[in-house]
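J.: To start, I am sharing the structure in question, which I have written as structure tokens.
Any read-out appearing in this document is the output of simple, stated calculations on the displayed coordinates, not a laboratory observation. Note that the coordinates shown come from a computational prediction; the quantities given were computed from them, not determined experimentally. Counting neighbours? That spans all protein chains shown, and the Cβs are built from the backbone with ideal geometry, glycine included.
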Amino acid sequence: MLSPFKADLHIHTVLSPCGDLEMSPTAIVDRALERGLDMIAITDHNTTRQVKVTQRVGKQKGLFVLGGVEVTSQEEAHCLCFFETDAQLDAFQEFLDRHLPPIPNDEDRFGYQLIVDENEEIVGEEQYHLLNAIDVDIDGIYDEAHRIGGLFVPAHVNKGTTSLTSQLGFVPPDLRADGLEINKFITRDEIVKKFAYLKRFNFITDSDAHFINNVGDVYNIIYMEHRSFDEFAKALRGEDGRWIDTMAFRDNKLRSA
């Protein structure tokens with residue numbers, strides 16, 4: 001039997017240079033639970049190093065935390081990748097470390113890139129600037145994510161910057177992806193009406209939160225048997241009756257108005 005799970009699958013921690021200093025793993029989990037979320041994904045820019053601690057905190061408090069990352073492709077388009085296991089996260093981190101240009105971060109200009117633990121203590125820092133593009137194109141990122149068993153979802157494809165449409169002018173008709181993400185400024189029906197060839201994809205919509213108050217502002221309702229990577233993958237692909245409602249947060253706002 002399928003159940004509805006409320007999920008925000010694009011959240012940045014303090015490790016992202018654009019992430020607010022309040023975005024610690026514990027604060028994010030607590031805020032997600034306050035907002036009634038059942039599931040989140042941690043998707044820092046070009047690094048997975050804050051995922052595992054957030055998963056530990058989430059497990060302790062009853063929140064399912066999906067491991068992810070927001071990769072900046074060679075085309076400077078943002079792409080979400082999601083993984084199930086620690087081994088997959090470690091393998092993809094090695095891939096990122098090989099392909100991120102070794103340009104030191106300028107903290108005064110871009111912000112801190114801090115790794116913190118469950119107690120919000122600083123335990124590390126990323127040396128290289130995480131907002132730079134890696135030297136791998138979209139197809140190469142898809143191939144690597146799939147090689148190690150992950151999912152590949154181009155991020156906020158309707159956005160005017162750092163998206164497929166802003167960088168390429170369109171979403172390629174032959175794009176290989178497990179789904180597409182849209183932001184809150186467009187609905188699935190609206191984007192498919194404009195670009196009919198995108199109807200072959202299922203969509204997610206998320207907060208892309210960089211500040212604690214934005215966690216859960218935008219969310220999906222995912223219909224699946226239980227909270228797991230495999231069930232999410234089925235929902236993203238529309239398999240075995242699983243599906244994703246990207247209109248839920250809009251409908252909730254209308255009811256609250």
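J.: Which one is farthest from the chain's Cα centre (by Cα), of the residues in the range 83-103 that are in a helix (DSSP H, G or I) and more than 24 Å from Arg56 (Cα to Cα)?
T.: Here the residue is Arg98.
J.: Okay, moving on. State which residue is surrounded by the fewest Cβ atoms within 10 Å (Cβ to Cβ) when the search covers only the range 64-82 and only residues that are among the charged types (D, E, K, R) and more than 9 Å from the chain's Cα centre (by Cα).
T.: Glu76
J.: So, in the range 180-201, exactly how many residues are buried (at least 20 other Cβ atoms within 10 Å of the Cβ) and under 23 Å from Val69 (Cβ atoms)?
T.: Of the residues in the range 180-201, 4 are buried (at least 20 other Cβ atoms within 10 Å of the Cβ) and under 23 Å from Val69 (Cβ atoms).
J.: Can you tell me which of Ala41, Ala91, Ala27 is buried (at least 23 other Cβ atoms within 10 Å of the Cβ), touching a residue at least 40 places away in the same chain (Cβ under 8 Å) and among the aliphatic types (A, V, I, L, M)?
T.: Exactly one residue qualifies, and that residue is Ala41.
J.: Okay, moving on. Tell me yes or no: at least one residue of the range 206-229 is buried (at least 21 other Cβ atoms within 10 Å of the Cβ) and without any contact (Cβ under 8 Å) to a residue 40 or more places away in the chain.
T.: No, the range 206-229 contains no residue that is buried (at least 21 other Cβ atoms within 10 Å of the Cβ) and without any contact (Cβ under 8 Å) to a residue 40 or more places away in the chain.
J.: Right, another one. Within the set of pairs 6+ apart or on separate chains, which have a first residue in the range 158-177 that is under 15 Å from Ala196 (Cβ atoms), a second that is charged (D, E, K, R) and in a loop (DSSP other than H, G, I, E, B), and C-beta atoms under 7 Å apart?
T.: none
J.: Then there's this: Can you give me the number of residues within the range 48-83 that are of a type outside the set (Asp, Glu), closer than 15 Å to Ile134 by Cβ and out of contact with any strand residue (DSSP E or B) (no Cβ under 8 Å at 6 or more places or on another chain)?
T.: Residues meeting the conditions: 1.
Matching residues to (1) among the hydroxyl-bearing types (Ser, Thr, Tyr); (2) under 14 Å from the mean Cα position of the chain (by Cα):
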{"site": "Val157", "(1), (2)": "no, yes"}
{"site": "Gly169", "(1), (2)": "no, no"}
{"site": "Leu175", "(1), (2)": "no, no"}
{"site": "Asp178", "(1), (2)": "no, yes"}
{"site": "Ile182", "(1), (2)": "no, yes"}
{"site": "Arg188", "(1), (2)": "no, no"}
{"site": "Lys193", "(1), (2)": "no, no"}
{"site": "Tyr197", "(1), (2)": "yes, no"}
{"site": "Ile204", "(1), (2)": "no, yes"}
